Amino acid sequence: MISCVSPRTSGELTVLGLDPDRDGPRIRARLGVVPQEDNLDPELTVRENLYVYGRYFDIPKMALRERIEQLLGFAQLTERGGDRVEPLSGGMKRRLTIARSLVNEPDLLLLDEPTTGLDPQARHALWDRLYRLKAQGVTLVLTTHYMDEAEQLCDRLVVMDRGRIVAGGSPRQLIERHSTREVVELRFTPGETERMAEKVSDLADRVEILPDRLLLYTADGDAVVEALGRRRLEPLSVLARRSTLEDVFLQLTGRQLVD
Amino acid sequence: MSAPAPGIGLRWRVVPPAPGRARRLVDRNARAAAHYWWVPLSGLAEPVFYLLSIGIGIGKLVGGIEGPDHHVYRYAVYVAPALLAASAMNGAIYECTFNVYFKLEYAHVYDAVLATPLRAVDVARGEIITALLRGATYSTVFVVMMAALGDVTSGWAALAMPAALLIGFAFAAAAMAATTYMRGWTDFDLVNLVMLPMFLFSTTFYPLATYPRWLQIVVECTPLYHGVVLERSIALGLVGPALIGHAAYLLVMGLAGVALAGRRIRVLLLS
């Protein structure tokens, strides 16, 4: 709806101060879109993909050529400029799709799960690129299932569950509001977990029982670990860590699989 | 590597004027075609094979045939303009079915295009213009071949190419609209099922009077018939007001096709 490719179902919507129903082309001229699945043009080379796309925005040829070299550098694809798109790796295609979305210097960049399916190196390379764009003042709107990605990139985020917004704020605010500062994860031999949960329930603000481990939500993880030692409880493994957005997300949306 | 410098973009971000937008897609198609430079060769060769095999080969057996003006013409002279009409149809349909379907369903070219200032109707127009440009090349070669083989008898033949464009427009637009309804590659057999009888029965090879009256009426309803009459009348110099009716049929068919194709692409991709 924001990119003016779906009609709005109800309510009010303005994008960049314009009405998507009336000003679709004018809004899209100022947007960059990175779809969930790469839709690069397989009949064109890497460089042509950027060129043809830039021409859809009516960018003059001379300016466009210069811009393309910048974008190829940005996407680390300068050497592959003359190649077809198909033999490129997943990470390269993703970088090219992002470079393509920047060809018109968008004010607003929409990214739909930008790093899904990428290996860790490619993800970090992409995050780095996106972070630079953010630093330049481009507004990024992204959807993701990766909470670490949201934590890395987002100033403001909303958690959606079954199409409804269930919480919103900065990553830090969300953790403060919906989780404790730290979490201690305990593993016991199978079958003992529930019995142990009763023995430690007073040590934490909240104890969550999972099939394979206990999660103790607390402000001070080290204090909990010390207390366990004093009570001579000996779990198979102990892990004290900081709360993450993942904890918040699971707390808010539940652990059941949603299909 | 540093990120691309911001700021210079604002000047560019004007929305292209409506006619220019369809042209951007034509440019895209031209670039893609440049990678497949040998594809047009078949389109160019096909009508030449027809002209030689049917015009010369079968023409030798048939001898002369009576034209619409009851004048007897050499068979090649009679059949060549009809083959021109049929090849304009074939080229347009091929371009706007297989190629468009591939881009629509597999390459997702239009999904990407519609995230830019281009609109669904620009996509439809762009593809139809592409088909027409390719068709114009083929038709020109065909007309030159006709002249070279001595199958052109009237100066009116100069209009044969524009008439072929009109035929191409009608079929390209209709094919584009039909493609948006395709459920899979097997549906393209239905396209052949429509094209082949039209090619064989639209008075391409013999006059309408050969048929019983009921079949004449059926043939008169099909679009290729109007294309064939148009091309044959022009090539034989039998130009009269009746041709306006045939041309109008094709024009209306084309305009309706563009409108429907634009709407269907919007439904398929923008919902």
Name the long-range amide H neighbours of A:Val33: under 5 Å, sequence gap of 5 or more, or other chain; modelled H, no Pro or chain starts.
-> A:Leu110
For segment A:84-95, just list the computed ³J(HN,Hα) in residue order, Karplus coefficients 6.51, -1.76 and 1.60, θ = phi - 60°, integers in Hz, with x standing in for Gly and Pro.
-> 5, 6, 4, x, 5, 6, x, x, 5, 4, 4, 5
Excluding residues fewer than 8 positions from B:Lys103 in its own chain, the lysines with Cα under 24 Å of it are A:Lys93
Determine Rg/Rh for segment A:150-253; Rg is computed over alpha-carbon atoms and Rh is the Kirkwood hydrodynamic estimate from the same atoms.
-> 1.03
Quick one, can you get me the convex hull of the C-alpha atoms of the protein assembly as shown expressed as volume per residue in Å³?
-> 207 Å³
What does the helix-only formula give at 222 nm for chain A: each DSSP H stretch with n ≥ 4 adding -39500 (n - 2.57), the total divided by the residues, and the result rounded to the nearest 500 deg cm²/dmol?
-> -12000 deg cm²/dmol
Relative to chain B, whose Cα atoms define the longest principal axis, helix B:242-269 and its Cα axis are tilted in degrees, nearest 10, by 30 degrees
Using 0.36 nm per residue, how much length does the chain from A:Leu252 to A:Arg22 gain when fully extended, once their Cα-Cα distance is taken away?
-> 79.1 nm
Relative to the compact-globule scaling 2.2 N^0.38 Å, provide the ratio for the alpha-carbon radius of gyration of segment A:121-210.
-> 1.49
Cα-based Rg/(2.2 N^0.38 Å) for segment B:70-207, rounded to two decimals, is 1.20
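So what is the relative contact order of chain A, in percent, for Cα pairs below 8 Å that sit 6 or more residues apart?
On the way: 358 pairs, mean separation 38.1, N = 259.
Relative contact order, chain A: 15 percent.
Which value, in debye to the nearest 20, gives the size of the charge dipole of the protein assembly as shown about its Cα centre, when Lys and Arg are +1 and Asp and Glu are -1 at the Cβ?
Working: 56 positive and 57 negative charges, 239 e Å.
The dipole magnitude comes to about 1160 debye.
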Extending each Cα 7 Å along its Cβ direction at B:Ser154 and A:Thr139, get the distance between those two points in nm, one decimal.
-> 6.5 nm
Averaged over residues of A:45-51, the number of beta carbons from other chains lying within 10 Å of each residue's Cβ is 2
Non-local residues with an amide H under 5 Å from the amide H of B:Ser154, with H modelled 1.01 Å from N and Pro and chain starts lacking one, are none
Among bridges DSSP assigns within the protein assembly as shown, what percent are antiparallel (round to 5)?
-> 75 percent
Candidates B:Phe201, B:Phe171, B:Phe102; GNM for chain B (alpha-carbon contacts under 10 Å) flags as most fluctuating B:Phe102
Hey, got the average number of other protein chain Cβ atoms within 10 angstrom for residues in A:66-74?
-> 3
Calculate, axis by axis, the spread of Cα positions in chain A along the three principal axes, and write the results as whole Å, longest axis first.
-> 74, 45, 33
Could you work out the equivalent-ellipsoid semi-axes for segment B:17-269, taking the square root of 5 times each eigenvalue of the Cα gyration tensor, largest first, in whole Å?
-> 33, 19, 16
Number of partner chain Cβ atoms within 10 Å, mean per residue of B:96-107 = 1
Return the Rg/Rh value of segment A:20-154, two decimal places, where both radii are evaluated on C-alpha atoms and Rh is the Kirkwood radius.
-> 0.95
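Which is the longest part of chain A that has none of the GluC sites (Glu not before Pro) sitting in a DSSP loop with at most 14 other Cβ atoms within 10 Å?
Numbers: sites that count: A:Glu12, A:Glu37, A:Glu192.
Value returned for the longest uninterrupted segment is A:38-191.
May I ask you to derive the FRET efficiency for B:Val72 and A:Glu37 from their Cβ-Cβ distance with R0 = 56 Å, giving the value to the nearest 0.05?
Details: r = 63 Å, r/R0 = 1.12.
FRET efficiency, B:Val72 to A:Glu37: 0.35.
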Under 5 Å between amide H atoms, partner at least 5 residues away or on a different chain: which partners does B:Leu238 have, H built in plane at 1.01 Å?
-> none
CD proxy, 222 nm, chain B: helix-only mean residue ellipticity via -39,500 (n - 2.57) per DSSP H run with n ≥ 4, per residue, nearest 500, stands at -21000 deg cm²/dmol
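If R0 is 56 Å, what FRET efficiency do you get for A:Glu176 and B:Ala33 from their C-beta distance, rounded to 0.05? Intermediate values should be presented prior to the final figure.
Working: r = 58 Å, r/R0 = 1.04.
Efficiency computed from Cβ-Cβ geometry: 0.45.
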According to a simple spin-label model (label point 7 Å from Cα along Cα-to-Cβ), what is the distance in nm between A:Asp119 and A:Ala219?
-> 4.5 nm
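Just so you know, all these numbers are worked out from the coordinates, no wet-lab data involved. Predicted model, so just to flag it, every value in this text is computed and none were measured. Note: ideal-geometry Cβ built from the backbone for every residue, glycine included; neighbour counts use all protein chains shown.
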